[in-house]
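Let me begin by presenting the structure, written as structure tokens, before commenting on it.
The values are calculated or read from the model by the stated rules, or taken from the named source; none is laboratory data. Remember, it's a predicted structure, so these values are computed and weren't measured experimentally. Cβ atoms come from the backbone with ideal geometry, glycine included; neighbour counts cover every protein chain shown.
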Amino acid sequence: MTEQSGEITDELRGGVLWITFNRPQARNALTFRMYDRLSQLCTEMPTDGSARAVVISGAGGKAFAAGTDMTQFRAFDTPEDALDYERRIDAVLEAVERCPVPTIAAINGACTGGGGSIAAACDIRIAASSLKFGFPIARTLGNCLAAGNLARLSELIGAGRVREIIFTARLMDADEALATGLVSNVLPDEDALMVHAAELADKVGAMAPLTLRATKEALRRNRAAVQVDDADLIVSCYMSEDFRIGMEAFLAKKKPDWTGK
């Protein structure tokens, strides 16, 4: 399980699988291929003891992952395109949650949109002091988060704070993330972050694997017990005039002129 080229890399070292988003020129914006590879790695994680923990991080020193690559949204034409996208993202996040070994998000710099969702799906989050976390979609694209994604975030930092950061499109810094429990540790820089990630991965990887696996799954089931039909909300955003306006304005580095339609 080692791949050292492409948009996402993985390397098994000393019982820890290091997964790295590797598009630094695009602040590690996530392509569909990157999402699919992450899902595959988590789904195919061995349980024979060869991999005892996973660390996920971003290359380049400026971002963990700055959301989904927006150019991919230009192909959206029908409600099914929007629903298929959110189903795809939900499947990826569930794969991260169901990963049979502990997952650690080592976050440096921007962690927004899909990057924030992946970090939230990990078991433990640690960050460098440069962390900027949030979902500025009300300022940029005009789309929405699926109900399951909102539930996961609300479980971590509370529904009120989730509502506030989305409504204001602001990004949480490292101190706030630590105070709210979003991250468990803040390190001064990327080097210190990765050293701590290695130490933490070794520590949790030495614990009873069945205990960790059962705890992960029980917590996932607690939240999954509540099913929400949000298809109408997803379609209303992704098929809107505002979504097209937001997407093209963002790609052109302009401010969108929202219409509410």
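The single residue among I118, I137, I56 that is in a helix (DSSP H, G or I), out of contact with any Phe, Trp or Tyr (no Cβ under 7 Å at 6 or more places or on another chain), over 19 Å from S240 (Cβ atoms) and aliphatic (A, V, I, L, M) turns out to be I118.
Scanning the stretch 216-226 for residues that are exposed (fewer than 11 other Cβ atoms within 10 Å of the Cβ) and either over 21 Å from the mean Cα position of the chain (by Cα) or not polar (S, T, N, Q) (or both) yields A218, R221, A225, V226. Checked against the criterion of being assigned to a loop (DSSP other than H, G, I, E, B) and surrounded by fewer than 20 Cβ atoms within 10 Å (Cβ to Cβ), the stretch 154-168 contains one or more residues that satisfy it.
Modelled with pLDDT under 95, of a type in the set (D, E) and either farther than 25 Å from I157 by Cβ or surrounded by 17 or more Cβ atoms within 10 Å (Cβ to Cβ) (or both): which single residue out of E241, E248 fits that description? Break it down into steps so the answer makes sense when it comes.
Details: E241 fails: modelled with pLDDT under 95.
Criteria check complete, one pass: E248.
Quick check on R213: is it under 18 Å from the mean Cα position of the chain (by Cα), among the basic types (K, R) and surrounded by fewer than 17 Cβ atoms within 10 Å (Cβ to Cβ)? Reasoning before the result, please.
Values: under 18 Å from the mean Cα position of the chain (by Cα): no; among the basic types (K, R): yes; surrounded by fewer than 17 Cβ atoms within 10 Å (Cβ to Cβ): yes.
Criteria not met by R213.
Taking T103, is it more than 26 Å from D257 (Cβ to Cβ) and among the polar types (S, T, N, Q)? In short, yes. Is one or more of the residues making up the stretch 41-59 farther than 20 Å from A146 by Cβ, within 15 Å of the chain's Cα centre (by Cα) and not aliphatic (A, V, I, L, M)? Yes, some residue in the stretch 41-59 is farther than 20 Å from A146 by Cβ, within 15 Å of the chain's Cα centre (by Cα) and not aliphatic (A, V, I, L, M).
When you go through L83, L141, L145 one by one, which is the residue that is more than 13 Å from the chain's Cα centre (by Cα), crowded, with 23+ Cβ neighbours inside 10 Å and either more than 19 Å from N185 (Cα to Cα) or basic (K, R) (or both)? It is L141.
Just give me the residues in the stretch 11-48 being among the charged types (D, E, K, R) and assigned to a loop (DSSP other than H, G, I, E, B), in sequence order.
Taking the stretch 11-48 as the starting set, the residues that turn out to be among the charged types (D, E, K, R) are 11, 13, 23, 27, 33, 36-37, 44, 48.
Answer for the stretch 11-48, where residues must be among the charged types (D, E, K, R) and assigned to a loop (DSSP other than H, G, I, E, B): R23, R27, E44, D48.
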